[in-house]
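The values are calculated or read from the model by the stated rules, or taken from the named source; none is laboratory data. Computed from a predicted structure; not experimentally measured. Note that we place each Cβ from the backbone using ideal geometry, even for glycine, and neighbour counts take in every protein chain shown.
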Amino acid sequence: MSDSEWEGEPHTLTVHSVTPPDGPLDNGSLDYDLEHPASCRQEERACWDLASGGAVLLEYTCELAYYERECDFAFSLRYSGTPITEPGTYQIQSWGQKTYYHEFGAYEYDGGVGVMEPDEALPGGAS
């Protein structure tokens, strides 16, 4: 892996049910629970105007939390080539890469969430 590629920390995704895609432009959906590792940070976020009786929530700040909020896991897992089609427990992680295009003088960023191979999910990659 180079400086322009990265992977996030493994997280545990427990999928309770899967709704398959309904056509080529649909990603389906997952009913799941996500377990963050102890190293994932949380920040307080105001749910609505605190002066009006709003609430403060703790929200994870890792890349997986971002993808969960912004893209949904069914899309990102399918985009990464590792769609989940069966209920079960999976180790997932975020990934990213940046590529510099000289002709445009700019970087292009890509990223997502993928299912880890079983031997990658173990400490040190040992099986």
Members of the range 99-114 found to be free of Cβ contacts under 8 Å to residues at least 40 places away in the same chain, of a type outside the set (Phe, Trp, Tyr) and either within 23 Å of ALA65 (Cβ to Cβ) or in a strand (DSSP E or B) (or both), listed by number: ALA106, GLU108, ASP110, GLY114
Since GLY28 meets every condition but one in (1) surrounded by fewer than 10 Cβ atoms within 10 Å (Cβ to Cβ); (2) on the phi > 0 side of the Ramachandran plot; (3) in contact with an Asp or Glu (Cβ under 9 Å, 6 or more places away or on another chain), which condition does it not meet? (1)
Given the options SER52, SER17, name the one that is surrounded by fewer than 11 Cβ atoms within 10 Å (Cβ to Cβ), among the hydroxyl-bearing types (Ser, Thr, Tyr) and at pLDDT below 95. SER52
Count, please, the residues in the range 55-73 that happen to be surrounded by 11 or more Cβ atoms within 10 Å (Cβ to Cβ) and within 20 Å of PRO10 (Cα to Cα). 13
Checking the condition within 13 Å of HIS11 (Cα to Cα), small (Gly, Ala, Ser) and touching a strand residue (DSSP E or B) at 6+ places or on another chain (Cβ under 6 Å), which residue from SER80, SER94, SER39, SER76 passes? SER94
Assess whether ILE84 counts as being under 10 Å from the mean Cα position of the chain (by Cα) and of a type in the set (Val, Ile, Thr). no
Could you tell me whether the range 71-89 includes any residue that is over 29 Å from TYR101 (Cα atoms) and among the polar types (S, T, N, Q)? yes
Which numbered condition in (1) under 18 Å from THR12 (Cβ atoms); (2) in a strand (DSSP E or B); (3) at pLDDT below 95 is the only one that GLY124 fails? (2)
Between residues in the range 59-81 that are at pLDDT below 90 and residues that are of a type in the set (Lys, Arg), which pairs lie under 7 Å by C-beta distance while being six or more apart or on different chains? none
